[in-house]
Amino acid sequence: MLEIRDLHVKFHSRDREAVSGVSLCIEDGEILGLVGESGSGKSVTAMSVAGLLPRKQCSLSGEILLDGQDLLHADRMQLRKIQGKKIGVVFQEPMSAMNPLMRVGEQVGEVLRLHSDLSKEERKRLVLQAMESVELQDPEAVYYKYPHELSGGMLQRAMIAAAIVIEPELLLLDEPTTALDVTIQAQILELLKKLNRERGISMLFISHNLNVVRKLCTRVAVMQKGLLVEIGKTDDVFFHPEHPYTKRLIEAIPTRQRKETA
């Protein structure tokens with residue numbers, strides 16, 4: 001489904017590579033966790049897949065294949081056709097990702113306006129359907145609200161609705177629960193499981209928290225300073241880590257949390 005081969009990313013303003021030779025794959029319907037501390041290269045890896053890195057500010061090499069189609073060396077026109085249509089992205093801070101001057105419904109349906117010839121009425125129908133599927137209460141009312149009128153949890157659900165409204169093959173989720181309280185975080189994780197189970201959407205879930213990843217993902221990849229240092233089934237990595245950095249990540253999880261997920 002998605003295959004990353006020997007990906008290198010170096011920003012011109014930095015001495016070392018942000019990503020150094022990362023290779024990994026995501027199978028159809030799989031949720032792969034990508035963990036590591038800030039600056040480890042996990043978000044840069046995801047941005048490379050989404051085609052969102054500023055190419056004038058960095059050098060990229062390697063291959064990123066989605067269903068065999070090369071994304072890394074595709075021109076901007078090709079990328080625009082893929083972005084949003086085959087790949088959905090959910091960011092950490094929904095408030096900063098949304099336009100405060102546009103109604104929520106319009107923003108959720110923006111990808112349909114860009115990538116389809118549907119009428120305004122049909123776009124609205126699909127937007128309301130997507131909002132309902134992410135369990136936003138009273139989608140019709142939410143459609144006409146502005147971002148500041150929604151809670152953090154509701155905004156994150158709206159962002160997920162925007163990412164799935166056109167039914168992409170792959171969701172890239174960059175720390176989507178970090179800014180939320182524990183209760184809402186658990187609800188969003190359950191929602192992602194449901195979307196994966198019912199729609200078969202493959203996901204790359206990025207987090208610095210291995211405990212959160214274990215609740216959602218079947219496999220996990222660990223990054224440190226741009227390198228992929230360990231990858232395997234989540235429980236294998238969690239209970240039998242091989243790399244010293246992975247061991248330190250697990251040891252940093254409070255003991256009570258580890259017991260609760262065992």
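A 1.4 Å probe over all protein chains sorts His148, His115, His12 by accessible area into His148, His12, His115, starting with the largest.
Spin-label model, Ser96 to Ile253: label points 7 Å out along the Cα-to-beta-carbon direction sit 2.7 nm apart.
Report the extension gain between Arg103 and Cys25 in nm, rounded to one decimal, defined as 0.36 nm multiplied by the number of residues separating them, less their alpha carbon distance.
Extra length available between Arg103 and Cys25 comes to 24.4 nm.
In the range 133-262, Cα pairs under 8 Å separated by at least six residues give a relative contact order of 17 percent. Please list log₁₀ I(q)/I(0) at q = 0.23 Å⁻¹ for the range 1-99, using the Debye equation with identical point scatterers on the alpha-carbon positions. For the range 1-99, the Cα-only Debye profile gives -1.46.
Where only DSSP H runs of four or more residues are counted, the chain gives -11500 deg cm²/dmol as its mean residue ellipticity at 222 nm, each run worth -39500 (n - 2.57).
When each of the peptides 15-21, 106-112 is scored by the mean number of other C-beta atoms lying within 10 Å of its residues, the order from highest to lowest reads 106-112, 15-21. Length gained on full extension, Gln187 to Glu242: 16.7 nm, using 0.36 nm per residue less the C-alpha separation. Principal axis analysis of the Cα atoms in the range 161-262 yields extents of 41, 29, 22 Å, listed in decreasing size.
Quick check: Cα centre of the range 119-151 to Cα centre of the range 62-111, how many Å? After rounding, the separation between the Cα centres reads 19 Å.
In plain terms, the bigger the Kirkwood radius, the slower the diffusion; for the chain, with that radius from Cα pairs, at 25 °C and 0.890 mPa s, Stokes-Einstein puts D at 129 µm²/s.
Over the chain, what is the relative contact order in percent, taking alpha-carbon pairs closer than 8 angstrom and at least six residues apart?
Normalised by residue count, the contact order of the chain is 26 percent.
Within the chain, DSSP assigns beta bridges of which about 55% are antiparallel (rounded to the nearest 5). Taken along its three principal axes, the alpha carbon spread of the range 30-71 comes to 30, 28, 15 Å, from the longest extent down to the shortest.
Segment Asp75..Glu149, full-extension length gain: 22.8 nm, with 0.36 nm per residue of separation and the alpha-carbon distance subtracted. With a simple spin-label model that places each label point 7 Å from the Cα along the Cα-to-Cβ direction, the separation between Glu132 and Lys120 comes to 2.2 nm. Direction-averaged projected area, Cα convex hull, the range 59-185: 8.9 nm², rounded to one decimal.
The values are calculated or read from the model by the stated rules, or taken from the named source; none is laboratory data. Bear in mind that the values here come from a model prediction, so they are computed numbers and not experimental data. Don't worry about glycine lacking a Cβ; one is built from the backbone with ideal geometry, like all the others, and counts go over all protein chains shown. Ligands, DNA and RNA are excluded from the accessible area calculation, which covers all protein heavy atoms including side chains. Shrake-Rupley method; radii C 1.70, N 1.55, O 1.52, S 1.80 Å.
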